[in-house]
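Please read the structure below before turning to the comments.
The values are calculated or read from the model by the stated rules, or taken from the named source; none is laboratory data. None of the values given here were measured: they were computed from a predicted structure. Ideal geometry is used to build each Cβ from the backbone, glycine not excepted, and the neighbour counts take in all protein chains shown.
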């Protein structure tokens with residue numbers, strides 16, 4: 001088994017820690033403080049419930065534009081050591097962010113979660129840009145996990161906001177794509193008749209239906225599928241959000257999203273606390289592909305964020321074709337985010353699948369692809 005998959009198996013999964021009976025009711029500056037912005041939302045509330053149960057978090061700070069006092073009080077009734085502090089309104093955002101080691105950004109514009117993925121950009125970009133301005137000012141050294149959609153565009157925008165403030169850490173900003181991995185593991189387990197906890201499926205690309213690339217050829221423990229199974233599993237993963245919306249009166253999936261976000265955030269907590277071999281996939285600043293500044297790939301996490309980017313696993317012909325088709329879509333999504341804060345990158349991306357070759361396409365890349 002490769003070193004990558006050895007780490008992957010150790011890094012993925014839920015935390016199984018012994019229950020701590022000693023409680024702490026105060027959290028100092030050196031403690032593990034996680035702030036959830038957008039905590040009163042449909043994903044934010046179950047996310048906070050799951051994070052409250054983690055013995056690794058000292059303080060869970062919740063913030064929303066809507067009142068959060070009742071939510072905070074209810075969460076504090078849960079008999080775990082994690083203390084919950086609650087803030088609401090724009091004026092109190094900076095108080096919520098102070099001394100935060102991790103900021104989970106789940107906030108969006110009202111009603112935006114019911115919109116198609118590409119339509120979420122305009123309302124949600126305004127919200128995220130404003131929050132990231134405060135993050136840059138109040139807790140520039142904190143890790144930021146963005147769960148608001150469209151992740152493909154909001155992560156590049158968030159990075160540019162931090163760059164303009166001089167507080168950008170390229171290893172500390174993450175677009176949460178863990179939901180795609182959770183679904184991939186579940187659907188593969190169903191087909192293979194095994195427990196989902198035993199399955200590891202790398203998912204790369206982006207976080208929209210056209211850019212999610214499940215790498216079924218590298219699934220563990222078994223990567224043997226018929227062509228029909230590969231196509232059906234891939235379609236199920238890519239169309240999962242739309243299928244849920246049809247059955248939930250146009251509401252997006254919330255519980256699985258919260259579960260996946262909680263798992264990713266707890267992995268960040270473990271990495272900050274020095275746990276070894278923490279591996280998760282996320283949409284991050286990347287040099288893996290010559291024409292994509294950002295890409296979702298498996299990552300080794302550490303105290304400063306990304307310690308190592310494992311890059312793209314070996315892809316089958318089917319997966320390579322999906323990836324090549326996703327490249328121009330991802331490039332446009334990334335440009336949209338950068339353009340919103342006044343960053344323009346003139347050279348167009350090269351689509352290695354589209355003849356004739358685009359001029360700036362490097363010779364070695366084209367020769368490799370063709």
Would you check if residue 204 is under 26 Å from residue 304 (Cβ atoms) and at pLDDT 95 or above? yes
State whether one or more residues within the range 256-273 are assigned to a strand (DSSP E or B), touching a strand residue (DSSP E or B) at 6+ places or on another chain (Cβ under 6 Å), under 19 Å from residue 200 (Cβ atoms) and touching a residue at least 24 places away in the same chain (Cβ under 8 Å). no
I'd like the residue in the range 317-347 that is assigned to a loop (DSSP other than H, G, I, E, B) and surrounded by fewer than 15 Cβ atoms within 10 Å (Cβ to Cβ) and, out of all such residues, is modelled with the highest pLDDT. 342
Set 101, 141: member being out of contact with any helix residue (DSSP H, G or I) (no Cβ under 8 Å at 6 or more places or on another chain), touching a residue at least 12 places away in the same chain (Cβ under 8 Å) and under 26 Å from residue 302 (Cβ atoms): 141
Can you find a residue in the range 68-77 that is under 18 Å from residue 31 (Cα atoms) and in contact (Cβ under 8 Å) with a residue 12 or more places away in the chain? no
Given the condition assigned to a loop (DSSP other than H, G, I, E, B), modelled with pLDDT under 95 and crowded, with 16+ Cβ neighbours inside 10 Å, answer yes or no: does some residue in the range 74-89 qualify? no
Selection count where residues are on the phi < 0 side of the Ramachandran plot and surrounded by fewer than 19 Cβ atoms within 10 Å (Cβ to Cβ), scope the range 274-288: 5
Qualifying positions in the range 97-119 - within 19 Å of residue 258 (Cβ to Cβ) and part of a helix (DSSP H, G or I): 112, 113, 114, 117
Is it the case that the range 132-147 has a residue that's closer than 30 Å to residue 320 by Cβ, modelled with pLDDT of 95 or more and surrounded by fewer than 17 Cβ atoms within 10 Å (Cβ to Cβ)? no
